[in-house]
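The values are calculated or read from the model by the stated rules, or taken from the named source; none is laboratory data. This one's a predicted model, so the numbers in the text were calculated from it and none came from an experiment. FYI the Cβ positions are ideal-geometry reconstructions off the backbone, even for glycines, and counts take in every protein chain you see.
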Amino acid sequence: MLQQTRVAAVVDHYRIFLKRFPNIQALAAASEDAVLAAWSGLGYYRRARMLYQCAKELVQKHGGRFPQTAEALQTLPGIGRYTAAAIASIAFAEPVAVVDGNVERVLQRLTGIDLTTPQTWQHAQALLASSRPGDFNQAMMELGATVCVPRQPRCPNCPVRKWCVTRLSNFNQGANGTITMERPASRPGGTLALNSSRRIKKEIWCVLNQRNGSIRLVQRPRKSPLMPGMWELPQLPQKRRPTWVPAAWRTFRHSITVTDYAVHVHRARTAKGKWIPVANISQFPITGLTRKILKAAGVI
Ligand code: SF4
């Protein structure tokens with residue numbers, strides 16, 4: 001849940017999700033729609049689908065228990081090298097190093113070398129304290145997240161400064177004592193945030209149609225590359241508002257990965273989609289944008 005998402009946005013969803021699916025068996029026995037409904041509002045729904053498929057595979061092939069090595073964990077849906085190493089080292093004490101964007105930056109500064117990805121993993125593995133791999137990995141990630149931060153690293157307070165090749169040398173100290181980077185902390189294509197000029201802008205027109213405690217929603221195609229099978233407000237097909245549709249009730253701003261949407265919502269009638277009773281809406285996997293609009297309209 002925390003991938004690409006802030007802790008504050010996750011906490012409530014995490015508690016509700018674990019209450020609904022308290023173990024792997026409960027998750028595997030649920031329907032995909034029920035899992036997506038519980039995930040609704042967190043975005044990046046591929047994570048929920050992978051989690052669900054992973055639970056199913058654990059039950060079908062592994063007796064409902066996680067394998068205990070990074071190598072075996074990587075055979076499960078949705079678990080790549082980073083996640084496998086994190087689970088294996090933290091949960092099962094396997095001496096295997098974890099590399100995320102924070103660790104990559106720490107290692108580049110510690111060594112003073114613009115390391116390639118394979119070299120970064122090798123360096124991390126060479127440094128690993130094999131008696132406490134989970135603690136070591138968490139300490140490295142935390143060091144990058146709180147001390148060796150991208151723009152203003154706190155070198156004077158850094159616990160590894162005496163081994164660090166870079167240590168202040170590539171940074172400028174401002175009049176107020178703050179330290180800023182002279183050059184980017186990562187290679188192009190690395191962990192830097194996307195430049196705002198590379199973001200895509202789009203407009204959408206959709207319809208909010210309420211009647212007798214129900215609301216009109218449509219289900220996205222099951223094979224859609226974006227949020228397949230999820231429910232949302234019906235959209236107007238054309239990009240211009242037809243004359244029979246009243247002016248927009250409200251316009252919402254919504255961002256998904258690199259796209260910024262302006263979403264114009266019209267209160268109007270539509271024959272598209274199905275009537276969904278508002279009382280049952282929590283059982284439907286609705287998109288984050290739909291949730292945002294329905295909340296603003298006082299529907300949920
Ligand atoms: S001394 Fe500075 S640059 Fe080196 S690891 Fe610590 S915070 Fe990062």
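Picking from Arg167, Arg183, Arg161, Arg151, which residue would you name as being at pLDDT below 50 and either near the ligand (Cβ under 8 Å from one of its atoms) or basic (Lys, Arg) (or both)?
Arg183
Does Val265 satisfy being under 27 Å from the mean Cα position of the chain (by Cα) and among the aliphatic types (A, V, I, L, M)?
yes
Yes or no: region 74-97 includes at least one residue that is within 16 Å of the ligand (Cβ to nearest atom), of a type outside the set (Ser, Thr, Tyr) and within 30 Å of Asn23 (Cα to Cα).
No, the conditions are met nowhere in region 74-97.
Could you grab me the full set of residues in region 94-122 that are in contact with a helix residue (DSSP H, G or I) (Cβ under 6 Å, 6 or more places away or on another chain), hydrophobic (A, V, I, L, M, F, W, C) and surrounded by fewer than 20 Cβ atoms within 10 Å (Cβ to Cβ)?
Listed by number, the list holds a single entry, Leu115.
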